[in-house]
Amino acid sequence: MDLRHLRYFICVAEEMHFGRAAKRLGMSQPPLSQQIRMLEQELGARLFDRTSRRVALTEAGRLFLPEARKALEQADRAAHVARRAQSGHLGRLALGFTASAPFVPQIADALHDFRQNQPEVDLRVHELGKDDQVRMMERGDLDIGIVRAVAPPSLPEGLRSTWLLEEEMLLALRQDHALAQQDADPTIADLAGVPFVLYATASSADFNDHFFALCDQAGFAPDITLEVSSVATLLGLVAAGFGVTILAHSLSRLYMDKLIQRPLFPQVRTSLWLIHGDELSPTANAFQRAVMRAGRENDTK
C-alpha cells in the first residue's frame, strides 16, 4: 500500500472537502480524487460517501482512519530510526583498545564526546591485544580497534590502519634507584643488567619486541625478572623495587608513591593506530570523527 495514498485519505478525512484537501496537499482536486479511488479499489472498500454538497466517511472509512494514522506514525518512526542509524546516532559500536589507550587524552575525550553525542548507541568496549582485535574484526564482533605499535601494524586483507598520535616512552623506576639519581637521561645501554618488570600481554607484544630489538642493538638482552598482565601490578612492583619498566607517557598520569618516570636518551617513541575495516559502519565512522576531532582540539591546547 502506498503511504502517499494514506496521507491523501487522512487529509480528506480531516477536511471533509476534496477542494480544501487538495489545496492543503498542494495539488489539484482531480488527481486527488483519482488517488482516493485507487486506494478504495486496492482496499475493496468505499471510504467516502460523496455528493455534490458534502463528503462523509463511510463505516469502512471511519474504522480505517485510526489505522491509517497508526500506519503513518509507524512509518515515520521507522524513517526516523533509519536516519539516526545512518548518522551514527543509533546502533552498536564494539570498540577494542590497548590498556594504555583510555589514559591518552585524545582517546578519553573522544570516548566522552561520543557517549555525550550518541547516547543511544550501544557502546561496548574491550581491552584486547592487536591479534585479538584483528580476529574479532574478521568475525564481525569488533568495529574499531586501537593498538600501540612502532610502525603501521601488519593487517590482513580487508583491514587498514589510521595513525592517531605518537607518544614518548618513559623509564619508570623507584626514586631511589641509581638511574633516578644520575643527572643525564638514561640510555638503553644503561639498562644492561638492570632487573626489569615487564608488562607482558598480547596488547604489549609489538612494543616489547621493539624494546628487545633496541636492547639487542645496544649489545645485551634485558634482564626480565617478572612478567605481569596488569598495569596496576606493574607499577606497584616497580614502586616496591622489584625492577624498572618502560611505559607510555600517558600512563605517567597514574601516580604512585616513590615512583618516578624519566625520559630515555635518545627518545623511544611509539604510536597509537586506529584499525578498522575498509568500510566503516555509521557508528564506527562517527567514533572515528570524534577521535580525529579530539586530536585536533588537543593539538591546540
**Message:** Step by step: first the residues of segment 157-192, then only those that are small (Gly, Ala, Ser) and either in contact (Cβ under 8 Å) with a residue 24 or more places away in the chain or touching a Ser or Thr at 6+ places or on another chain (Cβ under 9 Å) (or both), then the one that is nearest to Phe103 (Cα to Cα). Which residue is that?
**Reply:** Ala172
**Request:** Go through segment 180-189 and count every residue that is touching a helix residue (DSSP H, G or I) at 6+ places or on another chain (Cβ under 6 Å) and either within 17 Å of Leu234 (Cβ to Cβ) or of a type outside the set (A, V, I, L, M) (or both).
**Result:** 1
**Message:** Can you pull out every residue in segment 162-173 that is surrounded by fewer than 19 Cβ atoms within 10 Å (Cβ to Cβ) and either touching a Leu at 6+ places or on another chain (Cβ under 6 Å) or among the basic types (Lys, Arg) (or both)?
**Reply:** Thr162, Leu165
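Conditions (1) buried (at least 17 other Cβ atoms within 10 Å of the Cβ); (2) under 17 Å from the mean Cα position of the chain (by Cα); (3) in the same structural domain as Asp257 (by TED's automatic domain parsing), marked per residue:
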| residue | (1), (2), (3) |
| --- | --- |
| Asp109 | yes, yes, no |
| Phe114 | yes, yes, no |
| Lys130 | yes, yes, no |
| Gln133 | yes, yes, no |
| Met137 | yes, yes, no |
| Val150 | yes, no, no |
| Ala178 | no, no, yes |
| Gln181 | no, no, yes |
**Message:** Please go through (1) at pLDDT below 95; (2) over 26 Å from Arg293 (Cα atoms); (3) part of a strand (DSSP E or B) for Leu173 and return the number of the only condition it doesn't satisfy.
**Reply:** (1)
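The values are calculated or read from the model by the stated rules, or taken from the named source; none is laboratory data. All values reported here derive from a predicted model rather than from experimental measurement. Counting neighbours? That spans all protein chains shown, and the Cβs are built from the backbone with ideal geometry, glycine included.
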